[in-house]
Amino acid sequence: MKISEILKANTPTLSFEVFPPKTGTAFTDVKSTTEAIAALRPDFMSVTFGAGGTTGDYTLDISENIQNRFGVPSLAHLTCVCSTAEMIKERLASFKAAGIENIMALRGDIPKDVTLPREKWAYSHADELMRAIREYGDFCIGGACYPEIHPESKSRREDIAHLKNKVEAGCDFLTTQMFFDNNILFNFLYHLREAGVGVPVIAGIMPVTNAAQIRRILQISGTQLPQRFKAILDKFGESPAAMTQAGIAYATDQIIDLYANGINHVHVYTMNKPDVARKIFENLTDIIGRKPL
Ligand code: FAD
């Protein structure tokens, strides 16, 4: 099923993100983890893609498995850094053959060690990849957006102008980078709508269960932490069990506030943790009118 159809519902949706293994030896473990998350029956699941394509086959295998075994629509991510047009076409052909209808089209972070010289890359930005996907076939296309602006952008105006290009290139919906203060999302949406970008926006929420990991991610992404969340990290960051409980509670609180304020679509960065996904789902059952299976 196309995600654009799912997003037409005027009721809350809840979806989860998983990532593929980096090596074949980890495949079985990651597959069963993603199956445990799919078994909860979220509205859809996204499967990330290692920029450069080295784990692309696993993205496909996991996306296909989620869809075929659990009937959960999958959103396969695809990056265009280090890729020729031919390489992208091959990926699209394999997605199509596997029955994948939804692609999250991304540029990807530029790796330090490129696997293909820059002059051979077919696409410099996600909008160019989206145009290629549109030309290739009838996929529903998602794109990334950044409520606190992308770290490479000079200004919000420039960042939003590029998002507008993505939509003109065929992007059906946007999913946000994680954020920890809902006011940042509300403000971003105001500017996005003012600029004439009307596609559905899915709010990306990260339940933080590991303090060291989130500190690393924050350094790269430029995401701000509100004082209330800093206090949680300082107080509970050294105790994994307490941090997990506090992280789930904080994420749940953020999601309820989003739903209450008319943001119907929430995507949870589960970091391949079925227990975390289940607890968040269970915290929301009466709000979204559905129980995890
Ligand atoms: P772009 O849209 O190309 O934007 C990158 C930068 O270039 C921005 O500053 C933008 O304003 C600017 N820009 C955009 N278009 C143009 C243009 N035409 N001309 C000039 N400048 C332009 N990474 C992975 O490797 N794998 C994943 O699976 C993955 N999933 C993600 C999912 C989500 C929801 C998000 C938010 C990010 C994800 N990322 C993933 C990270 C993403 O690849 C990086 O943030 C990357 O740096 C930018 O990708 P993009 O698609 O937003 O790029």
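List of remarks:
- Residues that are of a type in the set (Gly, Ala, Ser) and either open to solvent by 70 Å² or more (accessible area, probe 1.4 Å) or out of contact with any Ser or Thr (no Cβ under 7 Å at 6 or more places or on another chain) (or both) within region 237-247 comprise 237, 239, 241, 242, 246, listed in sequence order.
So that you can scan it fast, the table gives a plain yes or no per residue for (1) in a loop (DSSP other than H, G, I, E, B); (2) crowded, with 19+ Cβ neighbours inside 10 Å:
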site: 229; (1), (2): no, no
site: 249; (1), (2): no, no
site: 256; (1), (2): no, no
site: 266; (1), (2): no, yes
site: 282; (1), (2): no, no
site: 287; (1), (2): no, no
site: 293; (1), (2): yes, no
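- Residue match in region 78-100 (condition: within 15 Å of the ligand (Cβ to nearest atom), open to solvent by 30 Å² or more (accessible area, probe 1.4 Å) and closer than 30 Å to residue 193 by Cβ): no
- Pairs where the first residue, in region 145-174, is under 17 Å from residue 107 (Cβ atoms) and the second is in a loop (DSSP other than H, G, I, E, B) and near the ligand (Cβ under 6 Å from one of its atoms), C-beta under 7 Å, 6+ apart: 146/177; 159/150; 159/153
- Qualifying residue in region 180-188 (condition: closer than 19 Å to residue 15 by Cβ and open to solvent by 20 Å² or more (accessible area, probe 1.4 Å)): no
- Restricting region 101-115 to residues that are touching a residue at least 40 places away in the same chain (Cβ under 8 Å) and more than 23 Å from the chain's Cα centre (by Cα), the residue that is surrounded by the most Cβ atoms within 10 Å (Cβ to Cβ): 114
- Scanning region 172-185 for residues being away from the ligand (no atom under 13 Å from the Cβ) and either at pLDDT below 95 or closer than 26 Å to residue 2 by Cα (or both) gives a total of 1.
- Just one of (1) within 18 Å of residue 129 (Cα to Cα); (2) not in a helix (DSSP H, G or I) fails for residue 99. It is (1).
- For residue 28, the stated conditions do not hold, so it cannot be described as within 14 Å of the ligand (Cβ to nearest atom) and either out of contact with any Asp or Glu (no Cβ under 6 Å at 6 or more places or on another chain) or charged (D, E, K, R) (or both).
- Residue match in region 33-52 (condition: within 20 Å of residue 269 (Cα to Cα), of a type outside the set (A, V, I, L, M, F, W, C) and open to solvent by 40 Å² or more (accessible area, probe 1.4 Å)): yes
- Among the residues of region 104-120, those that are part of a loop (DSSP other than H, G, I, E, B) and within 12 Å of the ligand (Cβ to nearest atom) comprise 107, 108, 109, 110, 111.
- When the criteria are applied in full, residue 127 fails the requirement of being away from the ligand (no atom under 13 Å from the Cβ) and either free of Cβ contacts under 8 Å to residues at least 12 places away in the same chain or in contact with a Lys or Arg (Cβ under 9 Å, 6 or more places away or on another chain) (or both).
- In region 138-162, the residues that are more than 13 Å from the ligand (Cβ to nearest atom) and either in contact with an Asp or Glu (Cβ under 6 Å, 6 or more places away or on another chain) or modelled with pLDDT under 95 (or both): 140
- Scanning region 54-74 for residues that are hydroxyl-bearing (Ser, Thr, Tyr) and either at positive phi or open to solvent by 60 Å² or more (accessible area, probe 1.4 Å) (or both) turns up just one, 54.
Yes/no matrix, rows are residues, columns are (1) part of a helix (DSSP H, G or I); (2) open to solvent by 40 Å² or more (accessible area, probe 1.4 Å); (3) modelled with pLDDT under 95; (4) not hydrophobic (A, V, I, L, M, F, W, C):
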{"position": "128", "(1), (2), (3), (4)": "yes, yes, no, yes"}
{"position": "192", "(1), (2), (3), (4)": "yes, no, no, no"}
{"position": "202", "(1), (2), (3), (4)": "no, no, no, no"}
{"position": "208", "(1), (2), (3), (4)": "no, no, no, no"}
{"position": "212", "(1), (2), (3), (4)": "yes, yes, yes, no"}
{"position": "216", "(1), (2), (3), (4)": "yes, yes, yes, yes"}
{"position": "219", "(1), (2), (3), (4)": "yes, yes, yes, yes"}
{"position": "235", "(1), (2), (3), (4)": "yes, yes, no, yes"}
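The values are calculated or read from the model by the stated rules, or taken from the named source; none is laboratory data. Predicted, not measured: the structure shown is a model, and the values here were computed from it. Here the Cβ is made from the backbone with ideal geometry for all residues, glycine too, and neighbour counts use every protein chain on show. The accessibility values were calculated without ligands, DNA or RNA, using every heavy atom of the protein model including side chains. Shrake-Rupley method; radii C 1.70, N 1.55, O 1.52, S 1.80 Å.
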